[in-house]
Amino acid sequence: EVSWIDQTFGNMMQYFTLTLRGTYSWEVSDSWGACSEECGGGVQTREAWCTWTNLDNEVMLVADSKCHAASKPDQERSCATRPCRSCDPFQIGPQYVVSRGDNKVYVTCAAGYESVDDIRLVESECKDGHWTPLAVSCGRNCSEFVVASWKYNVTGSGKQHGSTRQVTCKRSEQSPNSVEAAVSASVICQDGSWTSLSLVCTGDCLTPELSSAYAVSQINGTSEANIAMLGTVWQISCAPGFSAPGALLPSVRLECERGSWSGLRDIPDCKADCPRYKLSEGYEIVGEDAQRLVINGQWPQDDEGALNYTAPSHGSRIGIRCVDGYGRVPGAVERVECNDGQWSPLSLSCSKDCRPFNTSSLEFSRFRVIMDMSRSGDPDIDESLQADAPHGSKIIIGCKIKAEDESMKRGEVTCDNGR
C-alpha cells in the first residue's frame, strides 16, 4: 500500500510510505495430464492459476491478471515424439466392402449382408501399428425363428444379422408357480443362423454332452438343438472302434423324466480300441489267446472258416518275451496294455545273441584273454559246445607283456545284436 504525505520545508517536497500486505504468485497442478497421442507427436497440458498469499499465509485464488504474465509457467509441452509404427494391410471377411483413405479405411456391408445396427459406414484408423475396432458387424440374414409355441413365449423382431429374441417358458395352468431352470434366454442371429437356445422348461432335459466315443439312437420323443422333451428315450452304446470292457450292459436306456435323465449314471465308460500290436524281430507272444491281437499273429476263424477279427479293446493285455537266441534274460515276460487307443510302451530289449568268440583267432604270441564274460559254466568246455553269448557280453583282451613292464595295454570286444 502506498500513501503520499505533503510537507513544506522551504522548498516543497513529497514523501510516501510502502506497506507490504501480501504477494501474488503462480501455482501449477502436481502433474502433467495424459498425452493426446501415443506416437507421432502429442501434447500434454497442466493447470496454472494466480493466487494471493497474505502475511498470515492464507492463500486465495484471484484473477490471472493480478500475476505477472511473463512469468506464467508453461501449460503445454510436447510428448510421444517417436514415429508411429505402420499397420499390416487391412484384412477382413467377404461380408464387408472396404474403401481406403489416408491412414484410414472405410467399411460397409457387402451385397447380401446386413447389420441390425443403424450405422452403415464406419472407419478404422491405423494407430501405432494397430487398426482401431470396427463399430459394425455384418452378416447374412436368418430365417424365421421358430420354437414350440405351446412351450415358449418369444419377444423381439427382425431377421438381420445381430437381431435378438428373448425366450421364456410358458407357465403351466396346473402349476402356475413352477420354477424354471432358467427364467429366460436370448438367441442371436449370427451370419445366417440362430444361436442355440439354452432354456430348459419344466419337465424337459438338457441333452447330455457325449463324445464321439458314443452312439446315440432316439427311440421316441423329440429333441431340438440341446433340449429333449419330457418322455424322450435314448439308447446309448459305444460307437464303432470303441468299447467298455467290464460294463454290465452293452447299451443303456436313458429317459427324460421331470427335467433329468434316468440311467445317466449307467452310461459305459467307452474307450478307443487299439490297432493290432506290431512285433519287431526278436520278440514273440506268450499265450495263444493273444495271437489275434498282433499283426503277425493268427486270426481265429468261425465254423465256416471265415476270419473272426475284432480290434484289441481297451484294457487288452499282451505278454511279450524274447525269442530264443535274443536277450540277456531268457524267459522274461513283459506285458503291454491297450489304454484308450494307445499301447503302453515296451521296455523289454531283445537283441540277437552272438556265437561264442573264437579265441583261437587271436595271435597268442601278441594277445591274451584277460576276462571272458561271454562264457557260462565250465570255462574249460570246448568252444563248439558253448551256448551263444547274450547281447552285451564283453571279452577283455590285453597284450602279452614282459614281467618287468608295469604298463597294461588292453581292449575289449562286445556282442552287439549278433555281431
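Residue check: SER31 meets all listed conditions (1) in a loop (DSSP other than H, G, I, E, B); (2) of a type in the set (S, T, N, Q); (3) more than 30 Å from GLY129 (Cα to Cα) but one, namely (3). Restricting attention to the stretch 281-334, the residues that are farther than 17 Å from PRO345 by Cβ, at pLDDT 65 or above and acidic (Asp, Glu) total 5. Of the candidates PRO275, PRO250, the single residue that is without any contact (Cβ under 8 Å) to a residue 24 or more places away in the chain and not basic (Lys, Arg) is PRO250.
When the strands (runs of 3 or more DSSP E) confined to the stretch 102-159 are screened for residues that are within 30 Å of GLU38 (Cα to Cα), those reaching at least 3 such residues are found at 104-109, 122-127. Of all residues in the stretch 95-116, none satisfies being open to solvent by 60 Å² or more (accessible area, probe 1.4 Å), modelled with pLDDT of 90 or more and of a type in the set (Asp, Glu).
So which of SER198, SER193, SER184 is more than 26 Å from ASP269 (Cβ to Cβ) and touching a residue at least 40 places away in the same chain (Cβ under 8 Å)?
Among SER198, SER193, SER184, only SER193 is more than 26 Å from ASP269 (Cβ to Cβ) and touching a residue at least 40 places away in the same chain (Cβ under 8 Å).
Filtering the stretch 223-241 to residues that are open to solvent by 60 Å² or more (accessible area, probe 1.4 Å) and either assigned to a strand (DSSP E or B) or not small (Gly, Ala, Ser) (or both) leaves GLU224, LEU230, PRO240. Condition (residue is out of contact with any strand residue (DSSP E or B) (no Cβ under 6 Å at 6 or more places or on another chain) and at pLDDT 75 or above) applied to the stretch 162-176: is it met by at least one residue? Yes, that holds for at least one residue.
On the stretch given as the stretch 242-277, residues that are aromatic (Phe, Trp, Tyr) and closer than 25 Å to GLY231 by Cα total 1. Considering only residues in the stretch 263-279 that are outside any loop (DSSP other than H, G, I, E, B) and open to solvent by less than 40 Å² (accessible area, probe 1.4 Å), the one that is nearest to GLY221 (Cα to Cα) turns out to be ALA272.
Scanning the stretch 203-222 for residues that are among the polar types (S, T, N, Q), over 17 Å from ASP340 (Cα atoms) and not in a strand (DSSP E or B) returns THR207, THR222.
Of the residues making up the stretch 408-419, those that are open to solvent by less than 60 Å² (accessible area, probe 1.4 Å) and modelled with pLDDT under 75 number 1. Mind listing just one residue for me: the one in the stretch 280-290 that is free of Cβ contacts under 8 Å to residues at least 40 places away in the same chain and not in a loop (DSSP other than H, G, I, E, B) and, of those, surrounded by the fewest Cβ atoms within 10 Å (Cβ to Cβ)? By that ranking, first place goes to ASP289. Inside the stretch 65-83, residues that are exposed (fewer than 13 other Cβ atoms within 10 Å of the Cβ) and either not acidic (Asp, Glu) or not in a loop (DSSP other than H, G, I, E, B) (or both) make up a count of 13.
The values are calculated or read from the model by the stated rules, or taken from the named source; none is laboratory data. Everything numeric here is computed off the predicted structure, so don't read it as measured data. We place every Cβ from the backbone using ideal geometry, glycine too, and count neighbours over all the protein chains shown. Side chains included, ligands, DNA and RNA excluded: accessible areas come from the protein's heavy atoms. Shrake-Rupley method; radii C 1.70, N 1.55, O 1.52, S 1.80 Å.
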